[in-house]
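Trainee: Would you mind keeping the following structure in view while I ask a few things?
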Amino acid sequence: MITLYQAVLGAGQLRHTVALVSRLGVGEIVQVVTDRCSGRALDRAELQRIATRTARGGRGAPPAVGETVTFREALERSAGTPHRILCYERETGGPDTRRAVSACADGRDVAVFIGPEGGFSPEEVRDARDAGCEIITLGPRILLARDAAAVALAWVSYETEIGGERQ
């Protein structure tokens with residue numbers, strides 16, 4: 001199962017993100033309060049309605065929407081997840097990124113952390129690295145947070161659903 005730990009975004013952006021990722025094989029969406037959040041967490045029931053409605057057009061069951069947590073709680077909650085990936089726009093390790101995402105093809109659970117507009121703080125990145133998360137880049141372009149989630153999940157979904165078949 002893929003769990004998206006999405007930093008709280010503005011209401012319209014978060015709705016957009018939930019609609020996009022609900023079609024990309026994510027199993028759970030968790031709103032995360034980070035140092036640089038610009039909005040307020042949205043109502044869990046509203047996000048669940050969006051996820052359920054938009055997943056109907058894709059394949060599979062709609063994702064669950066979890067309780068809103070702090071960044072530290074998200075790291076603790078994901079501690080037992082075999083693959084934990086934090087997308088950070090200042091990371092430069094292209095080969096490490098490819099290796100980390102390709103490793104997800106082993107069929108085990110994946111946690112993907114996406115920051116807010118303005119990105120994760122350096123302290124959050126350090127805490128994630130110390131907690132065992134792989135810090136990756138999504139490429140040389142700075143993406144909107146709402147789009148970064150879709151890019152990361154499309155890549156991870158490809159590896160978990162199709163990539164493992166190559167082996």
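Rule-based calculations on the coordinates, nothing more; no lab input. This is a predicted model, so every value here is computed, not measured. We place every Cβ from the backbone using ideal geometry, glycine too, and count neighbours over all the protein chains shown.
Trainee: If we count other beta carbons within 10 Å of each Cβ, what is the order of ARG90, ARG44, fewest first?
Mentor: ARG90, ARG44
Trainee: Further question on the same structure: For the range 1-126, what does the alpha-carbon gyration tensor say about shape, rounded, prolate or oblate, given a ≥ b ≥ c as the root eigenvalues, a/c under 1.5 as rounded, and a/b over b/c as prolate?
Mentor: oblate
Trainee: Could you tell me the calculated FRET efficiency between GLU28 and THR137, based on Cβ-Cβ distance and R0 = 22 angstrom, to the nearest 0.05?
Mentor: About 0.35, to the nearest 0.05.
Trainee: Using a 10 Å cut-off around each Cβ, can you sort SER38, SER22 from fewest to most neighbouring Cβ atoms?
Mentor: With the fewest neighbours first, SER38, SER22 line up as SER38, SER22.
Trainee: Separate question: Quick one: VAL30, VAL156, fewest Cβ neighbours within 10 Å first, how do they rank?
Mentor: VAL30, VAL156
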